[in-house]
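Engineer: Structure in structure tokens, see below.
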Amino acid sequence: MDWGMKNRLSRIIKKDGHTVMLAVDHGYFMGPTTGLEKLDETVKPLLPYADVLMPTRGALRNYIPPETDIPICLRVSGGTSILNETNLLHEGIVCSIEDAIRLNVSAVAFSILVGQPFERDTILGFTQIIDEANRYGIPVLAVTAVGRGLGKDAKYLSLASRMAAELGASMVKTYYCKDFEKVVETCPVPIVIAGGKKIPEKDALEMAYNALQAGAIGVDMGRNIFQSTDPVGMIKAVNAVVHKKYTPKEAYELFKSNKKT
Ligand code: R5P
């Protein structure tokens with residue numbers, strides 16, 4: 001692995017081997033989703049507690065000041081919207097590697113939809129972006145977005161995550177599930193978990209904790225932070241679970257105490 005790739009990965013995965021990635025790329029297929037209506041106002045107070053920001057190129061250019069000092073993992077796959085029920089997440093390349101380089105990113109993110117009828121399209125697009133990104137020492141985060149009607153069990157997530165790694169991903173983002181250690185054990189690259197739909201903060205913190213215990217290196221969480229009743233309190237609590245080994249109880253107390261400050 002070239003110095004450049006190692007340097008970029010060191011910006012994503014901190015010295016303790018863990019990372020808190022703040023996912024705010026939802027607009028590429030969900031538009032102004034709840035909590036991201038004014039993305040700049042939402043994100044600004046959260047940045048001090050995030051290690052990485054995961055936006056789209058349009059969000060980066062229109063909402064994030066260029067002097068912002070945080071590594072970027074850029075969403076580069078897309079092509080459908082939430083209105084496209086039958087073909088949701090049938091994604092291809094929507095941002096060139098040249099534009100990603102122009103944006104000085106530390107990594108790019110691409111979704112593969114293993115098990116969907118259009119899986120091949122997403123996988124071929126994924127490997128094309130890997131070839132282009134790796135040419136410039138840019139790591140690729142595979143997003144094994146779970147397609148509709150596909151299980152979120154360890155068997156499926158292990159299949160999707162291992163495929164992503166075998167195809168060349170430097171990191172994988174997947175979802176937490178029961179027996180998650182089986183997903184980690186069969187994946188040769190670091191795994192972070194997405195938060196998924198908004199759930200009670202206490203449950204989201206427990207999920208993050210359990211994922212870390214099972215071997216995930218961190219989270220790439222969005223809705224469970226920016227749709228929280230207290231987004232700053234929530235990202236502080238998630239950061240404490242990931243980097244300070246807080247238990248879910250301790251982290252939830254931290255979340256609740258933030259509201260009082
Ligand atoms: C949606 O597919 C986006 O890629 C998000 O980055 C991903 O789902 C993580 O965000 P959340 O924690 O809201 O699921």
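The values are calculated or read from the model by the stated rules, or taken from the named source; none is laboratory data. Since the model is a prediction, treat every value here as computed from it, not as a measurement. All Cβ positions, glycine included, derive from the backbone under ideal geometry; neighbour counts span all protein chains shown. Side chains are part of the model used for accessible areas, which takes the heavy atoms of the whole protein and leaves out ligands, DNA and RNA. Shrake-Rupley method; radii C 1.70, N 1.55, O 1.52, S 1.80 Å.
Engineer: In this structure, does Lys202 turn out to be under 23 Å from Ile82 (Cβ atoms), open to solvent by 10 Å² or more (accessible area, probe 1.4 Å) and at pLDDT 95 or above?
Structural biologist: no
Engineer: Turning to a different aspect of this structure: If Ile12 satisfies every condition in (1) more than 16 Å from the chain's Cα centre (by Cα); (2) more than 14 Å from the ligand (Cβ to nearest atom); (3) in contact (Cβ under 8 Å) with a residue 40 or more places away in the chain but one, which is the exception?
Structural biologist: (1)
Engineer: Go through the residues of the stretch 16-31 one by one and say whether even a single one is of a type outside the set (Asp, Glu) and open to solvent by 60 Å² or more (accessible area, probe 1.4 Å).
Structural biologist: no
Engineer: Report those helices (runs of 4 or more DSSP H) wholly inside the stretch 181-261 carrying at least 3 residues which are within 17 Å of the chain's Cα centre (by Cα).
Structural biologist: 201-213, 223-226, 231-244
Engineer: Do you know which residues across the stretch 69-98 are under 21 Å from Ile123 (Cα atoms) and either open to solvent by less than 10 Å² (accessible area, probe 1.4 Å) or part of a strand (DSSP E or B) (or both)?
Structural biologist: Within the stretch 69-98, Cys73, Leu74, Arg75, Val76, Ser77, Gly78, Glu91, Gly92, Ile93, Cys95, Ile97 qualify.
Engineer: Still on this model: Could you list all residues from the stretch 26-52 that are charged (D, E, K, R) and touching a residue at least 24 places away in the same chain (Cβ under 8 Å)?
Structural biologist: Asp40, Asp51 - these are the residues of the stretch 26-52 that are charged (D, E, K, R) and touching a residue at least 24 places away in the same chain (Cβ under 8 Å).
Engineer: Starting from the stretch 210-222, take each residue that is farther than 24 Å from Arg75 by Cα and list its partners that are open to solvent by 10 Å² or more (accessible area, probe 1.4 Å), counting only C-beta distances under 6 angstrom and pairs at least six apart or across chains.
Structural biologist: Ala214/Glu181; Ala214/Val184; Gly215/Glu181; Gly215/Val184
Engineer: State all residues of the stretch 166-190 that are of a type in the set (Val, Ile, Thr), away from the ligand (no atom under 16 Å from the Cβ) and in contact with a Leu (Cβ under 9 Å, 6 or more places away or on another chain); if no residue qualifies, say none.
Structural biologist: Val183, Thr186, listed by residue number.
Engineer: Now for a different question. Given (1) crowded, with 19+ Cβ neighbours inside 10 Å; (2) within 25 Å of Leu22 (Cβ to Cβ), where does Tyr136 come up short, assuming only one miss?
Structural biologist: So the condition that Tyr136 fails would be (1).
Engineer: In addition: Being open to solvent by 10 Å² or more (accessible area, probe 1.4 Å) and within 16 Å of the ligand (Cβ to nearest atom) is the filter here, so list the residues in the stretch 40-58 that pass it.
Structural biologist: Thr42, Tyr49, Ala50, Asp51, Thr56, Arg57, Gly58
Engineer: Among the residues of the stretch 80-101, write down those that are out of contact with any helix residue (DSSP H, G or I) (no Cβ under 7 Å at 6 or more places or on another chain) and away from the ligand (no atom under 13 Å from the Cβ).
Structural biologist: Leu83, Asn84, Glu85, Thr86, Asn87, Ser96, Glu98, Ala100, Ile101
Engineer: Looking at Pro66, is it open to solvent by 90 Å² or more (accessible area, probe 1.4 Å), at pLDDT 95 or above and assigned to a helix (DSSP H, G or I)?
Structural biologist: Spelling it out, it is not the case that Pro66 is open to solvent by 90 Å² or more (accessible area, probe 1.4 Å), at pLDDT 95 or above and assigned to a helix (DSSP H, G or I).
Engineer: Does Gly35 satisfy the criteria of being away from the ligand (no atom under 13 Å from the Cβ) and open to solvent by less than 30 Å² (accessible area, probe 1.4 Å)?
Structural biologist: no
Engineer: Which condition number in (1) without any contact (Cβ under 8 Å) to a residue 60 or more places away in the chain; (2) within 16 Å of the ligand (Cβ to nearest atom); (3) open to solvent by less than 50 Å² (accessible area, probe 1.4 Å) is the one that Ala240 fails?
Structural biologist: Status for Ala240: all satisfied but (2).
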